[in-house]
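Data first, discussion second: the structure below is written as structure tokens.
Laboratory data are not the source of any read-out in this text; all were calculated from the coordinates shown. These figures come from a predicted structure and were not determined experimentally. Don't worry about glycine lacking a Cβ; one is built from the backbone with ideal geometry, like all the others, and counts go over all protein chains shown.
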Amino acid sequence: MSVDILTITNHDRNIFQGKYIYPVVSRRAGGLSLGINLNTNNACNWQCIYCEIPNLIRGKPEAIDLLKLENELDYWLNEIINKSFLDQYTDKKTEFKDIAFSGNGEPTASKEFGAVTKILIKKISKFNLNQKIKIRLITNGSYISNPNIQKALTSIEKFNSEVWFKIDQISPKEVMAINQINLSTNSLKKNLEACLSICPTIIQTCLFKINKKFPEQAALDAYVNFLKPYEKKIKGIHLYSLARPSEQSSKNKLTRLTQDEIEDIATKIKVLKIPINIYS
């Protein structure tokens, strides 16, 4: 494989030419993350204006070849655990941190999500990884209330699992502007409560300037007021900005925030008794 050392600025799913499984170095995971991409057709039910996926389309994932996915997962875990992948393709201090349902769209939209969690549990056991790494679901939460998704999440909860739940804005108007989806506050509440009832949950919030304008104070106030009732249940908040360029039509309107700018926003929401981690 003629690949340079992996960095946080390159999350190309195809760099090692696998279909479903891909390794990246993640700033938020704090090391190597082995991604599971169930959206190989670049389909998502949201279309966030900051999304880094090129040729993103509205829709659901195509059918998953479960045998191919299992073989790829087995291959990569063997490369990472039993061979020299970390030494060869990452900084020497990089550690294997998680297996993450991430990829090119909303993973829980896949009809095979439950079947894939069963495969993952089998591999966690085979490679003796239980409690040694995290299993993470990175999600917009749209399908969390679905009983099949809840069953799948319950099955991996005891395997050191964690959900990173997307909330960029609260008001339906702002959600439409950022995530380009009709989402009522009541629906957002229902999905978050369903998630909190099953798995440890971290809120992930992307921050940036639009046309050089910062997020408005009213939006931050709405964010605080919405999360306040759940501050004892939410495990943390990830505030982050653009690590990689957007591939959407609005990309030229977006500006990455600096560390100081994100810290200033964090100060404004610290009334929440929830640990906040910042990633510029």
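Okay, here's what the table says:
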quantity: Rounded to 10°, Cα long-axis angle of helix 66-82 versus longest principal axis of the chain; calculated: 80
quantity: Spatially proximal lysines relative to Lys83 (Cα-Cα < 22 Å; intrachain offsets below 8 disregarded); calculated: Lys19, Lys68, Lys92, Lys93, Lys97, Lys122, Lys123, Lys126, Lys132, Lys134
quantity: In the stretch 223-280, the trypsin sites (Lys or Arg not before Pro) that fall in loop regions by DSSP, at most 16 other Cβ within 10 Å; calculated: Lys232, Lys233, Lys235, Lys270, Lys273
quantity: For Tyr143, net neighbour charge (Lys/Arg +1, Asp/Glu -1) across residues whose Cβ lies under 11 Å away; calculated: +1
quantity: Simple label model, 7 Å out from Cα along Cβ direction - Lys151 to Asn55, nm; calculated: 3.5
quantity: Gained length - Gln88 relative to Asp264, 0.36 nm times residue gap less alpha-carbon distance; calculated: 59.5 nm
quantity: Simple spin-label estimate for Ala222 and Ser171 in nanometres, 7 Å along Cα-Cβ; calculated: 0.5
quantity: Trypsin sites (Lys or Arg not before Pro) lying in DSSP loop within the stretch 178-223, provided at most 15 other Cβ fall within 10 Å; calculated: Lys212
quantity: Sparse-neighbourhood loop sites, GluC sites (Glu not before Pro) in the stretch 71-113 - DSSP loop, at most 12 other Cβ within 10 angstrom; calculated: Glu95
quantity: Amide H contacts under 5 Å for Leu257, placed H, 5+ residues apart; calculated: Lys209, Leu242
quantity: DSSP-defined antiparallel bridges as percent of all bridges, the chain, nearest 5; calculated: 25
quantity: Using θ = phi - 60° and Karplus 6.51 cos²θ - 1.76 cosθ + 1.60, couplings along the stretch 42-51 (whole Hz; Gly, Pro as x); calculated: 6, 9, 8, 7, 9, 9, 4, 5, 9, 4
quantity: Taking the chain and dividing mean pair separation by its residue count, relative contact order in percent (alpha carbons under 8 Å, at least six apart); calculated: 18
quantity: Gyration tensor verdict on the stretch 165-270 (Cα atoms; rounded if a/c is under 1.5, prolate if a/b is larger than b/c, oblate otherwise); calculated: prolate
quantity: Degrees, to the nearest 10: 185-196 long Cα axis against longest axis of the chain; calculated: 40
quantity: 12 Å beta-carbon shell around Lys268, net charge (K/R +1, D/E -1); calculated: -4
